[in-house]
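Reviewing the structure listed below.
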Amino acid sequence: MVQCDKCGKDEYMPFRCKYCGGYFCSEHRLPEMHNCQGSYQFSRSTTGYTGFTPTGTTYTPRQRSRFSFSQKELRDLGIGLAVILGILAQSLWRSLISSPAFLVGALIIYSLAFILHELAHKFMAQRQGYWAEFRINQQGLMLTLLSFISPLKIIAPGAVMISGAMNWDDYGKISLAGPATNIGLGLFFFVVSLFSGSQLVWLLAMTGVRINATLALFNLIPFGIFDGAKIIKWNKVVWGAAVVAAGILYLF
């Protein structure tokens, strides 16, 4: 185990800061959470925003609020999505013979659950004025690839990386955006199931309810690197309401 350089907490899988080279727990992994002394520069906008950007990069206030993608981010999103769809196709390959339409529909639903979850984090962070991009995580990608041969499916190829002088209010809202999106998608598919006119549509709708409820509950786990750990520190009532909503969908 490695001790967090900020609080001394023992971590089996610590985060290494790319700016200062230190090792930190999930709570202090962001540079602004451990008073990073590494190679980043501070900037201040006319609106009073103070944050950091990677060395050599300058953002204007207009750029901070723009929902944009870099080529590297699109590549990482593509890799993450391809790995996830490969695992799901392996699990559902029998459907290719019995119902190809169900297989295609299920893969689309799983893709939306993953992509929209990550984009919700990204867009919420950018709306708050932070730099945010999805990045593949080597440890998470390796655990995800092990799902090809393991009965236990761990799907966590990457996450949205955020830079900026963040406070807990913004951090909580950004963390909540992902699970809240999945809860919203689950409710949408639930409504579709009520008005479905065919068995195929009903099955796909229920698949949408199940996967989004499961993904929301998984990310609402209140410890470690999960979204729930940040949300519960920000607002316990909001975390509880999200868990209840996702739990009702899951039980249904």
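At a glance:
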read-out	value
In sequence order, calculated HN-Hα J values of region 70-80 (Karplus, 6.51, -1.76, 1.60; Hz; x Gly/Pro)	8, 4, 5, 5, 4, 5, 5, 4, x, 5, x
Cut-off under 5 Å, modelled amide H: who pairs with Leu220 long-range	Gly228
Pairwise FRET efficiency - Gln71 versus Ala101, Cβ, R0 = 45 Å, nearest 0.05	0.85
Table column - 3J(HN,Hα) (Hz), region 215-222, Karplus curve with 6.51, -1.76, 1.60, x for Gly and Pro	5, 5, 5, 4, 6, 8, 4, x
Pairwise label distance in nanometres, Gln199 with Asn167, each label 7 Å out on the Cα-Cβ vector	5.6 nm
Relative contact order (percent, whole number), region 135-200, Cα cutoff 8 Å, 6+ residue spacing	25 percent
Calculated FRET value between Ile248 and Gln138, using beta carbons and R₀ = 45 Å, to 0.05	0.80
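None of the figures in this text is laboratory data; all of them are computed from the coordinates on show. This one's a predicted model, so the numbers in the text were calculated from it and none came from an experiment. All Cβ positions, glycine included, derive from the backbone under ideal geometry; neighbour counts span all protein chains shown.
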